[in-house]
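Accompanying notes for the structure given below.
The values are calculated or read from the model by the stated rules, or taken from the named source; none is laboratory data. In this text the structure is predicted, and so the values were computed from the model without any measurement. Here the Cβ is made from the backbone with ideal geometry for all residues, glycine too, and neighbour counts use every protein chain on show.
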C-alpha cells in the first residue's frame, strides 16, 4: 500500500505543505487548456460540485446570518435571503443566558490535558514499538488496534461504576482519561508511521557516541517530531473539544461543563427556545475552532490522508 | 532498532501508554463482559444471572430488535451519503483545475463542528412551525406539499436523524478518497483512453480497482463510526417518536443511565462491540475477495 502521494518524499515527510504535487501539476495543465471552451461534461461537473458545496456550507452560513438577525426578522423570513436587520443583542443574550466563558475554560482544560497525554503516551509507545523494538511488539500493536475498532459506548457503564468507586465522577479527569485513551491508538499509529522515516544511521551514530535509549528519544526523536505532534494535536483536539457523550455521562455540575454540554442548555432553557441567541452561542463556540482549522488545515489534511492511505 | 537497548528502557517507554489504554479502554471492555452476566441497578447487590441478559435481549425484547433494524437503516443512510458522496466529490474534484484545496477545506468544515451545535442546527432545519430551512426550500421550489415536521413524522424521522451524521463526514472521506485517486498513475488512464475507453470504463476498470485498499479502509471507518452513532439521534429525538428513531446505542444509554439497569446495558454494549467486529470482518472478507478474482 505505498500509494500515497506523500510517499515520494525522500525524508521524514513534513506535516506542513506535505502535498505540493497536485496543484503544481495541474497548474501547468490549466494554461494549455484555458483557451479552449469548457466541454459540456466539465460544465456539468462544475455545477454539481458547486451545488454540493452549497449543501455543505450554506447551513453554516445560515447560523451566522441567524445570529445577527433580530427575532422578528428571523420569524418572518424563509430559508434564504439576507438579514433585513443587523443586531449584536443576540450575542449579549447568549452570554447572559449561558455560562459560555466558563464552558470554554473547561473545554480548554480537557482538550489540553487529553492532548498532552495523547502526545506523550503516543510518542513513548511508538518509540518502544517502532524504534526500540521487542519480542511481542506485534501483539501490542494489535492490542491498540482494538481501540480503533471498539465503540466508545462500551466504556460508559464500567467507567461510571469505577469512577463512582474512586471518587472521580464529576471531575475534569473523568473526561480526560477516556478521551485520551480512545484517541491514543490513532496517534500512536501516526507516530509509528512517522518514526519509520527517521534513518537508522542517525540512531547508529548516536549509539556509538554513547547515547542510551532515553537520550536518543529526548535529543533526536522528540525534536524531529514537531510537525507530527502538530498534526496529532490538531486532529485529536477537534474530536476532544467536541466530545459530548463522555461529558454528558460523567459530569453533572454546571461548573465543569464543557462547550458542547453548555450549548445543550440552550435548548428550552427559558421554556421556549430563544433561537437567535442560541445561534449566536453556536457561533461563538464554533468560530474559534473554524479559524484554527482554516489556518492549520494542512497539518490536519496531511494526517488524514497519510493515516488512511498507509493503513 | 537501536543496537543498545535494555529491557528496562522498553518497559519504561511502554508502560505509560499501556496504563492509559488499559485503564480507559481494555479494562472497561472486560468489565462490560463481566457486568453483562449480572442483574444490577447500581444500588442493591449484584445478582449473578448468567446469560439471562443476552437471552432477554435476543428473545424477549422487541424494543431491542426495533433499535437494531433502525441502526441498520442509520448505517445505510450514512454509508450512502458518506461513501457515495465522497467518491462523487473526489471524482468531480479531479475534473476541475483550480481551487481544489479550497473546495476540500470547505467540504470538511462540518466535521469541525460539535454534534450539539449540529443538533441545534438541524432542529431548526427540520422545523415545521416556524418554517425551517428544509421546508422553506421545498416551498420555494414549489414542492410545498412535501413539507412536513420531519422529526415527528414516524416515516421520516429515522432518515432525518441519520442524514446529519452523513452530511457531517462527507468531507472527511472525500479527502481520503481524493488522496487515493491522485495516486492513480496518469499513464494508465491515458493508455486506457487511447484504447478507446470512456470515462465510466476508466473509472470502473482502472481508478476504482487501484484505490480498492483505501476504499476498504474507508468503508470500515464509515461503518464502525455509523454503528456507534449516538450523539445526533440522542440530541434530536432521543429515540422518539415512540421508538421510530431508537438506535441500539441510544437504547443502551437509556437503559444504563435512565433505567439504571447496568447488567442489561452492558450486555447491549457487548453486542455493539461484536457488531463492529463482525462488520469489520465481513467488509474485509467481501471487498478483499473481490480484489483477488
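Descriptive notes on the structure:
Residues are listed down the side, and each one gets a yes or a no for (1) buried (at least 18 other Cβ atoms within 10 Å of the Cβ); (2) out of contact with any helix residue (DSSP H, G or I) (no Cβ under 6 Å at 6 or more places or on another chain); (3) more than 7 Å from chain A (Cβ to nearest Cβ); (4) in contact (Cβ under 8 Å) with a residue 12 or more places away in the chain:
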position: B:89; (1), (2), (3), (4): yes, no, no, yes
position: B:96; (1), (2), (3), (4): no, yes, no, no
position: B:101; (1), (2), (3), (4): no, yes, no, no
position: B:122; (1), (2), (3), (4): yes, no, yes, yes
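- Pairs with Cβ under 8 Å, 6+ apart, first in segment A:87-103 and over 14 Å from residue A:266 (Cβ atoms), second crowded, with 19+ Cβ neighbours inside 10 Å: A:87/A:68; A:87/A:69; A:88/A:68; A:102/A:257; A:102/A:262
- Index of the failed condition, residue B:72 passing every other in (1) under 21 Å from residue B:159 (Cα atoms); (2) over 16 Å from the mean Cα position of the chain (by Cα): (2)
- Residue B:137 vs. criteria at pLDDT below 85 and part of a helix (DSSP H, G or I): yes
- The criterion of being in contact with a helix residue (DSSP H, G or I) (Cβ under 7 Å, 6 or more places away or on another chain), closer than 28 Å to residue B:41 by Cα and at the interface with chain B (Cβ under 7 Å from one of its Cβ atoms) does not hold for residue A:125.
- The condition of being at the interface with chain B (Cβ under 7 Å from one of its Cβ atoms) and surrounded by fewer than 24 Cβ atoms within 10 Å (Cβ to Cβ) holds for only one of A:178, A:199, A:158, that being A:158.
- Filter pass, residue B:221 being under 30 Å from residue B:153 (Cα atoms), within 11 Å of chain A (Cβ to nearest Cβ) and assigned to a helix (DSSP H, G or I): no
Let's see how each residue does on (1) more than 9 Å from chain B (Cβ to nearest Cβ); (2) more than 18 Å from residue A:62 (Cα to Cα); (3) modelled with pLDDT under 75:
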position: A:259; (1), (2), (3): no, yes, no
position: A:262; (1), (2), (3): no, yes, no
position: A:271; (1), (2), (3): yes, yes, yes
position: A:277; (1), (2), (3): yes, no, no
position: A:287; (1), (2), (3): yes, no, no
position: A:294; (1), (2), (3): no, yes, no
position: A:300; (1), (2), (3): no, yes, yes
position: A:305; (1), (2), (3): no, yes, yes
position: A:309; (1), (2), (3): no, yes, yes
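- Taking the conditions (1) assigned to a loop (DSSP other than H, G, I, E, B); (2) in contact (Cβ under 8 Å) with a residue 60 or more places away in the chain in turn, residue B:127 satisfies each one other than (2).
- Odd one out for residue B:139 among (1) crowded, with 16+ Cβ neighbours inside 10 Å; (2) without any contact (Cβ under 8 Å) to a residue 60 or more places away in the chain; (3) more than 8 Å from chain A (Cβ to nearest Cβ): (3)
- Some residue of segment A:222-240 being facing chain B (nearest Cβ under 9 Å) and buried (at least 23 other Cβ atoms within 10 Å of the Cβ): no
- One residue from A:50, A:18 being more than 8 Å from chain B (Cβ to nearest Cβ) and modelled with pLDDT of 55 or more: A:50
- Answer from B:269, B:284 - the residue that is part of a helix (DSSP H, G or I), in contact with a helix residue (DSSP H, G or I) (Cβ under 8 Å, 6 or more places away or on another chain), crowded, with 24+ Cβ neighbours inside 10 Å and in contact (Cβ under 8 Å) with a residue 40 or more places away in the chain: B:269
- Only one of the numbered conditions (1) more than 25 Å from the chain's Cα centre (by Cα); (2) part of a helix (DSSP H, G or I) is violated by residue B:57, and that is (1).
- Selected residue (criterion: nearest to residue A:153 (Cα to Cα)) from residues of segment B:3-22 that are facing chain A (nearest Cβ under 7 Å) and assigned to a helix (DSSP H, G or I): B:21
- Residue that is at pLDDT 85 or above and either at negative phi or assigned to a helix (DSSP H, G or I) (or both), where the choices are A:116, A:32: A:116
Rundown of residues vs (1) within 28 Å of the chain's Cα centre (by Cα); (2) under 24 Å from residue B:83 (Cα atoms); (3) crowded, with 21+ Cβ neighbours inside 10 Å, yes/no style:
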{"residue": "B:132", "(1), (2), (3)": "yes, no, yes"}
{"residue": "B:135", "(1), (2), (3)": "yes, no, yes"}
{"residue": "B:157", "(1), (2), (3)": "yes, yes, yes"}
{"residue": "B:161", "(1), (2), (3)": "yes, yes, yes"}
{"residue": "B:169", "(1), (2), (3)": "yes, yes, yes"}
{"residue": "B:192", "(1), (2), (3)": "no, no, no"}
{"residue": "B:202", "(1), (2), (3)": "no, yes, no"}
{"residue": "B:213", "(1), (2), (3)": "yes, yes, no"}
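Conditions (1) in a helix (DSSP H, G or I); (2) in contact (Cβ under 8 Å) with a residue 40 or more places away in the chain; (3) out of contact with any helix residue (DSSP H, G or I) (no Cβ under 8 Å at 6 or more places or on another chain), marked per residue:
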residue: A:134; (1), (2), (3): no, no, no
residue: A:144; (1), (2), (3): yes, yes, no
residue: A:189; (1), (2), (3): yes, yes, no
residue: A:201; (1), (2), (3): yes, no, yes
residue: A:210; (1), (2), (3): no, no, yes
residue: A:219; (1), (2), (3): yes, no, no
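- Test: residue in segment B:238-249 that is touching a helix residue (DSSP H, G or I) at 6+ places or on another chain (Cβ under 8 Å), in a helix (DSSP H, G or I) and crowded, with 18+ Cβ neighbours inside 10 Å: yes
- Residue ID - nearest to the chain's Cα centre (by Cα), chosen from residues in segment A:94-106 that are buried (at least 18 other Cβ atoms within 10 Å of the Cβ) and within 21 Å of residue A:277 (Cα to Cα): A:103
- All positions within segment B:262-281 that are closer than 24 Å to residue B:161 by Cβ and more than 14 Å from the chain's Cα centre (by Cα): B:264, B:265, B:268, B:269, B:271, B:274, B:278
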